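Written out below as structure tokens is the structure these notes cover.
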Amino acid sequence: MTVPTAGERTGDLSALLKLGSQYQIYDPFSTVAAGNGQYARSPVPGNVIPTSKLNPVALNIAKYWERPPH
């Protein structure tokens, strides 16, 4: 079973970058047209989602997930 780490529960996905640049996350609200039917998004700095962008309902649900083993 896989459960989110303590950091992931609060938007800190920085550990994913250690696995490679393909794990960079992007801000979906930053989407802009780049031409030729393509779109671009800005990367989330350090792969840490700001608390202000986290859904409070989702944060409350996350409290019920099991904790990862130590």
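The values are calculated or read from the model by the stated rules, or taken from the named source; none is laboratory data. Values in this document were obtained by computation on a predicted structure and should not be read as measured data. No Cβ is skipped: glycine too gets one built from the backbone with ideal geometry, and neighbour counts run over all protein chains shown. Surface areas here come from the heavy atoms of the whole protein model, side chains and all, with no ligands, DNA or RNA. Shrake-Rupley method; radii C 1.70, N 1.55, O 1.52, S 1.80 Å.
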Return the sequence-ordered ³J(HN,Hα) values of region 5-13 in whole Hz as given by the Karplus equation 6.51 cos²θ - 1.76 cosθ + 1.60 applied to θ = phi - 60°, using x for Gly and Pro.
6, 4, x, 4, 5, 10, x, 8, 10
How much of the accessible area of region 1-67, probe 1.4 Å, is carbon plus sulfur, in whole percent?
59
Report the chymotrypsin sites (Phe, Trp or Tyr not before Pro) located in region 1-64 that are in a DSSP loop and have at most 16 other Cβ atoms inside 10 Å of their Cβ, or state none.
64
Choice from 33, 15, 58 with maximal GNM fluctuation in the chain (Cα, 10 Å cutoff):
33
Using a simple spin-label model with points 7 Å from Cα along the Cα→Cβ vector, what separation in nm is obtained for residue 53 and residue 10?
1.8
Equivalent ellipsoid dimensions for the chain as semi-axes, Å, which come from the Cα gyration tensor, largest first:
27, 15, 10
What accessible area per residue, rounded to a whole number of Å², is obtained for the chain using a probe radius of 1.4 Å?
81
